[in-house]
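**Student:** Take this structure, written in structure tokens, and hold onto it; I'll ask about it next.
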Amino acid sequence: MATTEEIEKYCRNCVSRDFVNGKGLVCSRTKDLPAFEEECEDFKKDEDLERWAPPKPEDFPVSMTREEMLAEENLPKGILYAVVACLVGAAAWGLISVSTGYQIGYMAIGIGFLVGFAMRQGKGIRPVFGIIGAALALISCVLGDFFSIIGYIAKDYDMAYTAVLSGVDYAEIFSLLIENLASMTILFYGFAVYEAYKFSFRPQNQPEGGKI
């Protein structure tokens with residue numbers, strides 16, 4: 001009869017393992033409890049089981065020191081990714097708003113997450129990563145609002161988007177943006193700034209300076 005240690009070593013990792021009610025773990029070849037001694041000559045390792053098994057604690061890297069994490073920081077990379085996310089988020093805001101006819105404030109939260117996650121690629125732990133991420137999220141929201149207004153004008157007057165951009169009264173556009181800020185829009189902007197700040201740091205470390 002195989003010992004518990006032998007079953008753990010061979011049977012649980014073998015392609016021939018099976019389970020029978022009332023017996024427990026058995027060998028699918030014999031349909032009976034493991035009966036080998038010391039070593040199983042028919043053992044065949046289940047590679048799929050090992051590949052899909054959850055990682056063990058020893059599979060994770062040893063915790064890094066602050067100095068090691070600072071050495072891995074890449075602020076230019078984080079800014080580059082966050083700027084791209086800022087522009088993509090603003091364009092998406094404008095397209096969705098114009099196509100639906102509504103300005104969905106909750107999109108700001110999505111932009112905050114998008115920009116923050118992009119900024120995180122710089123593996124930052126210093127406050128500057130969160131501050132820049134938050135600032136870019138705010139810019140993205142304002143740009144999205146701006147693109148929406150331009151899109152509404154182009155749609156209402158059946159004009160090309162570029163034609164509106166080149167001929168619009170920007171003072172009036174600015175006034176509309178201020179009016180939006182005076183409404184509930186500013187609340188969603190705040191959510192975007194908070195989310196971007198929170199997600200801009202690498203997850204292994206709490207950002208210096210605490211929460212915003």
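The values are calculated or read from the model by the stated rules, or taken from the named source; none is laboratory data. Since this is a predicted model, take the numbers as computed values, not measurements. Every residue, glycine among them, receives a Cβ derived from its backbone with ideal geometry; neighbour counts consider all protein chains shown.
**Student:** Residues in the range 145-159: is at least one part of a helix (DSSP H, G or I), within 16 Å of the chain's Cα centre (by Cα) and modelled with pLDDT of 80 or more? Outline the logic, then answer.
**Tutor:** Of the residues in the range 145-159, the ones part of a helix (DSSP H, G or I) are 145-156.
Subset that is within 16 Å of the chain's Cα centre (by Cα): none.
No, every residue in the range 145-159 fails to be part of a helix (DSSP H, G or I), within 16 Å of the chain's Cα centre (by Cα) and modelled with pLDDT of 80 or more.
**Student:** Still on this structure, please answer the following. Tell me, which residue of the range 68-113 that is assigned to a loop (DSSP other than H, G, I, E, B) and modelled with pLDDT of 90 or more is nearest to R202 (Cα to Cα)? Reasoning before the result, please.
**Tutor:** Residues of the range 68-113 assigned to a loop (DSSP other than H, G, I, E, B): 73-74, 101-106.
Narrowing the set further to residues that are modelled with pLDDT of 90 or more leaves 73-74.
On the way: E73: 9, N74: 11 Å.
Going through the qualifying residues, I end up with E73.
**Student:** Among the listed residues G124, G116, identify the single one that is outside any helix (DSSP H, G or I) and either among the small types (G, A, S) or touching a helix residue (DSSP H, G or I) at 6+ places or on another chain (Cβ under 6 Å) (or both). Break it down stepwise before answering.
**Tutor:** Details: G116 fails: outside any helix (DSSP H, G or I).
Testing whether each residue is outside any helix (DSSP H, G or I) and either among the small types (G, A, S) or touching a helix residue (DSSP H, G or I) at 6+ places or on another chain (Cβ under 6 Å) (or both) leaves just G124.
**Student:** Sort through G122, G110, G130 and tell me the only one that's under 17 Å from W93 (Cα atoms), out of contact with any Cys (no Cβ under 6 Å at 6 or more places or on another chain) and either surrounded by fewer than 17 Cβ atoms within 10 Å (Cβ to Cβ) or in the same structural domain as V84 (by TED's automatic domain parsing) (or both). Walk me through how you get there before you give the answer.
**Tutor:** On the way: G122 fails: under 17 Å from W93 (Cα atoms); G130 fails: under 17 Å from W93 (Cα atoms).
The unique qualifying residue is G110.
**Student:** How about the range 74-106: which of its residues are in contact with a Phe, Trp or Tyr (Cβ under 8 Å, 6 or more places away or on another chain), under 22 Å from F129 (Cα atoms) and either crowded, with 16+ Cβ neighbours inside 10 Å or outside the structural domain of V142 (by TED's automatic domain parsing) (or both)?
**Tutor:** Result: G78, A85, A90.
**Student:** Answer yes or no: is there a residue in the range 176-194 that is modelled with pLDDT of 80 or more and over 22 Å from G89 (Cβ atoms).
**Tutor:** Start the filter on the range 176-194 by keeping residues that are modelled with pLDDT of 80 or more, which leaves 187-194.
Those left that are additionally over 22 Å from G89 (Cβ atoms): none.
The answer is no; no qualifying residue exists.
**Student:** Quick one: in the range 1-53, of everything that is acidic (D, E) and touching a Phe, Trp or Tyr at 6+ places or on another chain (Cβ under 9 Å), which residue is modelled with the lowest pLDDT?
**Tutor:** First, the residues of the range 1-53 that are acidic (D, E): 5-6, 8, 18, 32, 37-39, 41-42, 46-48, 50.
Cutting the leftovers down to touching a Phe, Trp or Tyr at 6+ places or on another chain (Cβ under 9 Å) gives us 6, 39, 42.
Values: E6: 62, E39: 73, D42: 74.
Among those residues, the one meeting the criterion is E6.
**Student:** State the number of residues belonging to the range 114-143 that are under 17 Å from the mean Cα position of the chain (by Cα), over 21 Å from M69 (Cα atoms) and at pLDDT below 95.
**Tutor:** Qualifying residue count for the region: 0.
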